[in-house]
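The values are calculated or read from the model by the stated rules, or taken from the named source; none is laboratory data. All values reported here derive from a predicted model rather than from experimental measurement. So basically every Cβ, Gly included, is an ideal-geometry build from the backbone, and we count neighbours across all protein chains shown. Side chains are part of the model used for accessible areas, which takes the heavy atoms of the whole protein and leaves out ligands, DNA and RNA. Shrake-Rupley method; radii C 1.70, N 1.55, O 1.52, S 1.80 Å.
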Amino acid sequence: MGKNLTKRSEDYSRWYNELVVKADMAENSAVRGCMVIKPYGFAIWEKMQAELDRMFKETGHQNAYFPLFVPKSLFEAEEKNAEGFAKECAVVTHYRLKNDPDNPGKLKVDPEAKLEEELVVRPTSEAVIWNTYKNWIQSYRDLPIKVNQWANVVRWEMRTRLFLRTSEFLWQEGHTAHETKEEALQETELMNDIYAEFAENFMAIPVVKGSKTENERFAGALETYCIEALMQDGKALQAGTSHFLGQNFAKAFDVKFATKEGGLEYVWATSWGVSTRLIGALIMTHSDDNGLVLPPNLAPIQVVIVPIYKGEEQLEQISEVANKLVKDLRALGVSVKYDDRDTQKPGWKFAQYELQGVPVRLAIGPKDLEKGTVELARRDTLTKEFVDQDKVVEKVRSLMTEIQDALFEKAKSFRDEHITEVDSFDEFKKVLKQKGGFISAHWDGTPETENKIKALTKATIRCIPFNRKNEVGECVLTGKPSEGRVLFAKAY
């Protein structure tokens, strides 16, 4: 199986696009800007879903489902949110088609089937959910509400890229309602921490936790917390966001509750989400010129066993060893595939599973039967070794943790090496052009300066890190006083 991938050093964007398709993860669909997520790519999303869903439920959240369509009057109720998403909205205006008398066998929109009110295809669900919460919340006894939904959303995009930016994508969106501001802020921080824990411990992606500037906040939010990751090409990727919405949506939809003291107050709100763009982050953080590199926690197949044989008799003997390994590994919770297909040669299989990022490959041939060994290959390091058959299961079990940790440490070293402090705008531009990555620089706190730097360099403020040093200074562009350094980068 010839991979023929473009090298990352030659054309990173092309390498990424080729890898997604050749690794059988996704492909462009007949619908412009939308993708088909193929079984292998969807299996990765299912593992992400399962882990995140567990983490959400452990922190008291429940799943629900809300409509795909939002009446325009509801959508525009919270003005900042509506304005922020207006240019990305797909809108349903009619509810019926009819035969076209001028083109036999074709259809056209029935002009008499115009909706009384247009329906927005959800770009996000705050409007329809807060209109629903109005019916659910009467008193403090009804709070908090901690609801999440797994759904698809539509944000009309002109330039699309598989997983990273498509007109329709899959995500989860949490929407919570609280009695106090403090409780809502705690929720916002908690969910950002959960996203960071998931990214680092499950995806093996190191992230920077911080808050967004006013320019970069979610439309309608008072505060947006985020986790930012760094890709191998030196660009940043926003891997998750958690928003403190204050009382904006409660006021827009008149959601009040009777307090313990007998008064009436508006509810405090949060929303938070991650999407299938995490799969793009996973690919760009770990993969190499040979294909995908998957951390064991997210690999649909953690171990593949490939027999090397001539004739049915050898295959039977190898299968006896392989099937026992399958049984023993599965008993430990390791996902394993025994690929005994006779339609492809071992070399083709090796190339396929390397391309698809399977963490561990075991090969068993006639000589291995004689010696009582198995050839073990690691995808992350591309190293091979022979292991005694009676020690393989324990070796693989320890490798699951070892590979997971090694991928995180490798990505963390790369990230840390690509956080550069600068004190002048010339240095800022030089680092951005020659090295890339995060640039730690002073900023005077004004949207005007932020916009000017973006216009001059295409770099944006990715976040104001929570762990930044208390260090006053001078803005890298204007020389005006700065309260501390922020992280700039070009981003996806």
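Summary table below
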{"read-out": "Close pairs from the stretch 48-68: first touching a residue at least 60 places away in the same chain (Cβ under 8 Å), partner surrounded by fewer than 13 Cβ atoms within 10 Å (Cβ to Cβ), Cβ under 6 Å, at least 6 apart", "value": "none"}
{"read-out": "Residue satisfying condition, being in contact with a Cys (Cβ under 8 Å, 6 or more places away or on another chain) and closer than 30 Å to Glu265 by Cα, within set Pro123, Pro144", "value": "Pro123"}
{"read-out": "Residue within the stretch 11-23 that is in contact with a helix residue (DSSP H, G or I) (Cβ under 9 Å, 6 or more places away or on another chain), open to solvent by 20 Å² or more (accessible area, probe 1.4 Å) and of a type in the set (Ser, Thr, Tyr) present", "value": "yes"}
{"read-out": "Flag for Phe438 being aromatic (Phe, Trp, Tyr) and open to solvent by less than 90 Å² (accessible area, probe 1.4 Å)", "value": "yes"}
{"read-out": "Yes/no for Thr449 being open to solvent by less than 40 Å² (accessible area, probe 1.4 Å) and in a helix (DSSP H, G or I)", "value": "yes"}
{"read-out": "Which numbered condition Asp288 misses (of (1) out of contact with any Lys or Arg (no Cβ under 8 Å at 6 or more places or on another chain); (2) open to solvent by 10 Å² or more (accessible area, probe 1.4 Å))", "value": "(1)"}
{"read-out": "The stretch 394-426 - residue that is crowded, with 19+ Cβ neighbours inside 10 Å and of a type in the set (A, V, I, L, M) and, of those, nearest to Ala281 (Cα to Cα)", "value": "Ala411"}
{"read-out": "Output for the stretch 158-180, where each listed residue is surrounded by fewer than 17 Cβ atoms within 10 Å (Cβ to Cβ) and more than 18 Å from the chain's Cα centre (by Cα)", "value": "Met158, Arg159, Thr180"}
{"read-out": "Sole exception among (1) over 30 Å from Ala177 (Cβ atoms); (2) in a loop (DSSP other than H, G, I, E, B) for Ile44, by number", "value": "(2)"}
{"read-out": "Residue within the stretch 56-69 that is assigned to a helix (DSSP H, G or I), over 16 Å from Ile279 (Cα atoms), open to solvent by 40 Å² or more (accessible area, probe 1.4 Å) and not hydroxyl-bearing (Ser, Thr, Tyr) present", "value": "yes"}
{"read-out": "Enumeration of residues in the stretch 266-275 that are surrounded by fewer than 24 Cβ atoms within 10 Å (Cβ to Cβ) and in contact with a helix residue (DSSP H, G or I) (Cβ under 6 Å, 6 or more places away or on another chain)", "value": "Tyr266"}
{"read-out": "Residue list for the stretch 210-248, filter: part of a strand (DSSP E or B), under 19 Å from Ile419 (Cβ atoms) and of a type in the set (A, V, I, L, M, F, W, C)", "value": "Cys226, Ile227, Ala229, Leu230, Ala236, Leu237, Ala239"}
{"read-out": "Output for the stretch 245-260, where each listed residue is within 23 Å of Tyr195 (Cβ to Cβ) and open to solvent by less than 10 Å² (accessible area, probe 1.4 Å)", "value": "Leu245, Gly246, Phe249"}
{"read-out": "Which listed residue is farther than 22 Å from Glu197 by Cα, touching a residue at least 24 places away in the same chain (Cβ under 8 Å) and buried (at least 16 other Cβ atoms within 10 Å of the Cβ), from Leu282, Leu298, Leu294, Leu315", "value": "Leu315"}
{"read-out": "Selected residue (criterion: farthest from Ile461 (Cα to Cα)) from residues of the stretch 395-423 that are of a type in the set (Ser, Thr, Tyr) and out of contact with any helix residue (DSSP H, G or I) (no Cβ under 9 Å at 6 or more places or on another chain)", "value": "Ser398"}
{"read-out": "Single match in Glu223, Glu197, Glu183, Glu214 (criterion: more than 30 Å from Arg14 (Cβ to Cβ), open to solvent by 10 Å² or more (accessible area, probe 1.4 Å) and free of Cβ contacts under 8 Å to residues at least 60 places away in the same chain)", "value": "Glu223"}
{"read-out": "Cβ-Cβ under 6 Å pairs, at least 6 apart or on other chains, the stretch 462-482 side closer than 25 Å to Leu237 by Cα, far side among the hydroxyl-bearing types (Ser, Thr, Tyr)", "value": "Ile464/Ser211; Cys475/Ser482; Leu477/Thr449"}
{"read-out": "Single condition Gly263 does not satisfy, out of (1) among the small types (Gly, Ala, Ser); (2) surrounded by fewer than 24 Cβ atoms within 10 Å (Cβ to Cβ); (3) in contact (Cβ under 8 Å) with a residue 12 or more places away in the chain", "value": "(3)"}
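Quick grid of which residues meet (1) in contact with a Phe, Trp or Tyr (Cβ under 6 Å, 6 or more places away or on another chain); (2) under 20 Å from Val153 (Cβ atoms); (3) open to solvent by 40 Å² or more (accessible area, probe 1.4 Å); (4) part of a loop (DSSP other than H, G, I, E, B):
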position: Leu74; (1), (2), (3), (4): no, yes, no, no
position: Ala82; (1), (2), (3), (4): yes, yes, no, no
position: Phe85; (1), (2), (3), (4): no, yes, no, no
position: Thr93; (1), (2), (3), (4): no, yes, yes, no
position: Asp102; (1), (2), (3), (4): no, no, yes, yes
position: Gly105; (1), (2), (3), (4): no, no, yes, yes
position: Lys108; (1), (2), (3), (4): no, no, yes, no
position: Glu118; (1), (2), (3), (4): no, yes, yes, no
position: Pro123; (1), (2), (3), (4): yes, yes, no, yes
